[in-house]
Structures are given as C-alpha cells and as structure tokens.
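Let me begin by presenting the structure, written as structure tokens, before commenting on it.
The values are calculated or read from the model by the stated rules, or taken from the named source; none is laboratory data. All figures in this text were calculated on a predicted structure; none of them were measured in a lab. Here Cβ is always computed from backbone atoms with ideal geometry, including for glycine, and neighbour counts include all displayed protein chains. Note: areas computed on protein heavy atoms with side chains; ligands, DNA, RNA excluded. Shrake-Rupley method; radii C 1.70, N 1.55, O 1.52, S 1.80 Å.
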Amino acid sequence: MSELTPKTMGQQFGRRSWAEPWKIKMVEPLTVTSREQRERALTEAGYNTFLLRSEDVYIDLLTDSGTNAMSDRQWAGIMLGDEAYAGSRNFYHLEEAVQTYYGYKYMVPTHQGRGAEHLISQVAIKHGQYVPGNMYFTTTRLHQELAGGIFVDVIIDEAHDATSLHPFKGNIDLDKLKALIKREGAGRIAYVSLAGTVNMAGGQPVSLANVKALRALCDQHGLKIYLDATRMMENAFFIQEREAGYADHSIAAILKEFCGYTDGAWMSAKKDNLVNIGGWLAVNDSDLFEEIRNLVVVYEGLHTYGGLAGRDMEAMAIGIAEGVQDAHIRSRIGQVRYLGELLTDWGIPIVLPIGGHAIFLDARRFYPHIPQSEFPAQTLAAELYLDSGIRSMERGVVSAGRDPETGDHHYPKLELTRLTIPRRVYTQAHMDVVAESVKAVYDVRAQTRGLKMVFEPKYLRFFQARFERL
Ligand SMILES: *Cc1c(COP(=O)(O)O)cnc(C)c1O
C-alpha cells in the first residue's frame, strides 16, 4: 500500500489536484480573540475545551459531529418539512434513503447516534453478556454497560500503536474473538459491535476481507453483527483506495456491500450524513425490529419521527445521497490529509496512516515529560487554544474514564489530541493556520506543564471535567 498524498489523489482521478466539489454561497464571520481573552476563557472553562463558549473560539475542530455545512438542496429540503405527528412524508424519504444506500430493511429515526445505541443495547444485550468490539467508543460502550453488557476489545494490536502503518488498523482480530467464544461460549456473547473507521484508533478503517471473515465466523456460532455506521462512507473510501479489486467500485457500491455482511446498524447522522442533528437505527430482523419500534416510542418519539422534526429527516435523506458521492469523500479526506502532511513534514508526531475525519496528535510523543496521570492530551488541547483560539479535544485518559469494577483510571495506550475537521466548513487557508499553531506549541513543548483534575462527573467525564495547571 502506498499512501496517496493530496496531490497524487487528484492525479489518480485524472485531475492535477483534488478540490471541493462545491462553491460557497453564504459565509459566517469568525471571531479572532487576544491571548489575554483566551487565558480568561480557558480558566473559566476549567481547561476543558468542551466548556468553552463557541464565541471565544476561532477555528473549531472540537468535533465533526453536527458541525457539517448543509447544501442549498438540504436547506431547500428544510422548507419541505411535513410536520405531521405521524407518517410524515419526510420519514418515508429517509427510510428509502437508508434502504437504498445502506441496504437494511427496517429503520427508525432517533434524535442522534446515542439514542440508537441505547435502543440496540436494550433490545440485544442480556445482563452479564459480553459485547466484543473493535475498540470502544465512549457513548457506545456506556450504553452497552448500562444494559448490563461487558465490553471486550477485540481490535488488532496494531490499532493501539500510533506508529503502525497497517492499512486497516480498524480490523477485528478474529483470533481474539475466537478465544472469547471458546472461553465464554457463544451464548454469553450478545453480538459483535463493529465500527467503520474506528474513531478512538485515529479514524482507521476496517477492510471488506475482515468483515467477510467475521461474517463467516459469526455464522458458525449463530452470532449477530451490528455496525456503528457513523463514518462508514469514509471507511468505504479507504477500501476503494487500499483493498485489491475495489479501485473501480464506487463508494456507494462498497458501502452497500459492506453493510450486507452485517445484521443492522446504528448511525450518528451528524457525521457522514451531513446534517446538524439526527440518527437512525436499522435492522433486517422483523421480530427484533418490532421490539425496537416499540421501545423508540418510550425514549425518542413515535417510530416515524424518533425525536426529530420532519424537516430534519428531509435534510438527512438528502444528506445521505450527497455524502456517498465519490467527489465529496475524496475532497473531505483530501483536506484532512493536507493538514496531516503539513504536520508530518515538520516532524510533529501524529497517528499514521492519516485517518478519515481528523488528525490525531500523539501527546505521548509530543510531551514525553508529562506522565499520563497529568493528562498530556488534555494539556495539549489547552495549549493549542491559548496559542491561537483553535479548539481541539482530548482522546486519552480523560475520555477513557474509569474501570467500573476497580474504580481506577483506564490508562489507554493511545493518548491523543484530536483536530477534527467539520465537513464542507473550512478552507485550505484555515488548515495552514492550524498547522502553524500546532508547530508554535510544539516549539515550546519542553516548558509545558501538565494538569490536575479538580472536578470529575460520574458519566462521560471528558465532557464536563475541570482541571487546573500543576
Ligand atoms: C458520534 C458518535 C457516536 C454517538 O453519536 P451522537 O450522535 O453523538 O449521539 C457513536 N459512534 C461513533 C463512532 C461516533 O463518532
């Protein structure tokens, strides 16, 4: 596998360079703050970038969740909202889009991804069952645990190594899964929780060969596979680029083939589906769907709106069709790589290969003198904000939380600060400014001290924890 650069990506598709397949019709002004203002804002926010006001942020790379720029077609779709309580025509449009592009039979909308994670966890996990997955995701694992499940990481070892160049670092290690089945028996496993482009590993993809082999293994043992499809379109791009035999398959064809090896999927439409709010849960089994359709009424809303307005469902249906276009994904990932290559050219340690939605700075190598108990990735996010007003987020020991059994911190191997790129929002000049700020913080790294946690919430602590400088 030779990794394509933003320049050669374009050449491969017959142009000199990739460029955005859209032009800008409306702009939103940004605020530039002084270092003094940022010092004050960060202290008030307890050194947690989640607690900053967006008005105090210049370039916001906190997340690619719900931060998408919608197209003129999607905004036009907003005006076509059918706000009937039941049976809105926008629901049927959304259902058709999920069936057409993802291939699942039955679907309910949810207010966002975690609404769908809650439902699938409640209907498919019995207390004390194991839920093997390709690395954890924060909200996914929490809902599995709240339903009585025990998460087991079965991702390949390379995923935990920020320097490994494996082309499919999101793959499941089938031997780890076989060992779990042998030790506990298939009856004690709820299902396999498979995620496309593994967020916590740095946006790393799963290969089609891996999901095919997983399907065969699960069939032998009567196990279901449920897919976190949140960034599955981006996963399809990496298959097209790296997996033998798929270079001339469209993203749409690869997406549908991949989903065909799974039994259902949950979705945070705030990512790949190019909207600001929404999600869905889809399955092929009609009995399971009956249970889901009943439960959605309790927690989200009637099964034809699931916590969304009709207009939200319309924007999502249009967003699904736009998000799966090859030109869109190529420019999306091209922009992420552009930033990543500026940083690697300057010798700044990041997770490689460069993933789909974000650049992950390797805080262990960035701040080798700050021990993990002093939150190096949280520190790096704070320093970046102070330098230039860029907002990033921690994906390390704070995000990993505590072991529910022992109460100790989880100490993940990966201690990362994520620069997440919203879809269709920023320009290449913004990426230059971001890279220069990371370089400025890197140049003074030896003088930087870590943080101590002074407030810790019970659930998903990274969102609301507070810190002070050591
Ligand atoms: C964002 C995300 C979720 C949760 O979705 P929300 O819409 O934020 O509730 C689940 N899985 C992955 C991989 C995500 O990135």
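Could you check, for the range 88-102, whether at least one of its residues is within 16 Å of the ligand (Cβ to nearest atom), under 30 Å from R188 (Cβ atoms) and either of a type outside the set (D, E) or at pLDDT below 95 (or both)?
Yes.
Give the range 43-64 a look and list any residue that's buried (at least 18 other Cβ atoms within 10 Å of the Cβ), of a type outside the set (V, I, T), touching a helix residue (DSSP H, G or I) at 6+ places or on another chain (Cβ under 6 Å) and not in a loop (DSSP other than H, G, I, E, B), or say none.
Within the range 43-64, D56 is the sole residue that qualifies.
Select from the range 395-423 the residues that are among the basic types (K, R) and more than 16 Å from the chain's Cα centre (by Cα) and list them in ascending order.
Hits for the range 395-423 are R402, K413.
Considering only residues that are in a loop (DSSP other than H, G, I, E, B) and within 16 Å of the ligand (Cβ to nearest atom), look in the range 242-274 and name the one that is nearest to A213 (Cα to Cα).
Among those residues, the one meeting the criterion is T262.
Could you check the range 101-147 and list, in sequence order, the residues that are without any contact (Cβ under 8 Å) to a residue 40 or more places away in the chain and either in a helix (DSSP H, G or I) or within 18 Å of the chain's Cα centre (by Cα) (or both)?
S121, R141, H143, L146
If you check S331 against the conditions, is it touching a residue at least 60 places away in the same chain (Cβ under 8 Å), surrounded by fewer than 24 Cβ atoms within 10 Å (Cβ to Cβ) and over 27 Å from P205 (Cα atoms)?
Here the answer is no, as S331 does not meet what is asked.
Checking T67 against (1) within 16 Å of the ligand (Cβ to nearest atom); (2) crowded, with 18+ Cβ neighbours inside 10 Å; (3) not in a loop (DSSP other than H, G, I, E, B), which single condition isn't satisfied?
Of everything listed in (1) within 16 Å of the ligand (Cβ to nearest atom); (2) crowded, with 18+ Cβ neighbours inside 10 Å; (3) not in a loop (DSSP other than H, G, I, E, B), T67 misses just condition (3).
State whether one or more residues within the range 95-117 are open to solvent by 30 Å² or more (accessible area, probe 1.4 Å), aliphatic (A, V, I, L, M) and either in the same structural domain as V397 (by TED's automatic domain parsing) or in contact with a Leu (Cβ under 9 Å, 6 or more places away or on another chain) (or both).
Checked the range 95-117: no residue is open to solvent by 30 Å² or more (accessible area, probe 1.4 Å), aliphatic (A, V, I, L, M) and either in the same structural domain as V397 (by TED's automatic domain parsing) or in contact with a Leu (Cβ under 9 Å, 6 or more places away or on another chain) (or both).
Taking the stated definitions as given, is I156 surrounded by 20 or more Cβ atoms within 10 Å (Cβ to Cβ) and either among the small types (G, A, S) or more than 15 Å from the ligand (Cβ to nearest atom) (or both)?
It is true that I156 is surrounded by 20 or more Cβ atoms within 10 Å (Cβ to Cβ) and either among the small types (G, A, S) or more than 15 Å from the ligand (Cβ to nearest atom) (or both).
Would you pick out the residues in the range 121-150 that are within 19 Å of K182 (Cβ to Cβ) and surrounded by fewer than 17 Cβ atoms within 10 Å (Cβ to Cβ)?
G128
Determine the pairs where a residue that is on the phi < 0 side of the Ramachandran plot, located within the range 252-271, has a partner that is within 16 Å of the ligand (Cβ to nearest atom) and among the charged types (D, E, K, R) with Cβ atoms under 7 Å apart, the partner being 6 or more residues away or on another chain.
W266/E117; W266/D228; K271/D64; K271/R231
Return yes or no: is T344 surrounded by fewer than 24 Cβ atoms within 10 Å (Cβ to Cβ) and not in a loop (DSSP other than H, G, I, E, B)?
Against the criterion (surrounded by fewer than 24 Cβ atoms within 10 Å (Cβ to Cβ) and not in a loop (DSSP other than H, G, I, E, B)), T344 qualifies.
Restricting to the range 44-58, name every residue that is touching a residue at least 24 places away in the same chain (Cβ under 8 Å) and among the acidic types (D, E).
Passing the criteria: E55, D56.
Name the residue that is farthest from L227 (Cα to Cα), counting only residues in the range 275-289 that are in a strand (DSSP E or B) and within 11 Å of the ligand (Cβ to nearest atom).
Step by step, filter the range 275-289, then rank; the result is G279.
Within the range 171-186, track down each residue that is open to solvent by 10 Å² or more (accessible area, probe 1.4 Å), touching a residue at least 12 places away in the same chain (Cβ under 8 Å) and not in a helix (DSSP H, G or I).
Passing the criteria: N171, D173.
Only residues in the range 299-325 that are in contact (Cβ under 8 Å) with a residue 60 or more places away in the chain and surrounded by fewer than 24 Cβ atoms within 10 Å (Cβ to Cβ) count as the first member; pair them with residues that are β-branched (V, I, T) and part of a helix (DSSP H, G or I), Cβ under 8 angstrom, at least 6 apart or cross-chain, and list the lot.
L302/V296; H303/V296; H303/V297; R311/I78; Q325/I251
Looking at K271, K256 in this structure, which one is over 18 Å from E95 (Cβ atoms) and modelled with pLDDT of 95 or more?
K271
Check the range 187-205 and report whether any residue there is without any contact (Cβ under 8 Å) to a residue 60 or more places away in the chain, touching a Gly at 6+ places or on another chain (Cβ under 7 Å), under 21 Å from E117 (Cβ atoms) and within 15 Å of the ligand (Cβ to nearest atom).
no
Test each condition in (1) under 21 Å from the mean Cα position of the chain (by Cα); (2) more than 15 Å from the ligand (Cβ to nearest atom); (3) hydrophobic (A, V, I, L, M, F, W, C) for M316 and report the one that comes out false.
(2)
Considering only the range 211-231, state which residues are without any contact (Cβ under 8 Å) to a residue 60 or more places away in the chain and under 20 Å from the mean Cα position of the chain (by Cα).
Across the range 211-231, the qualifying residues are V211, I225, L227.
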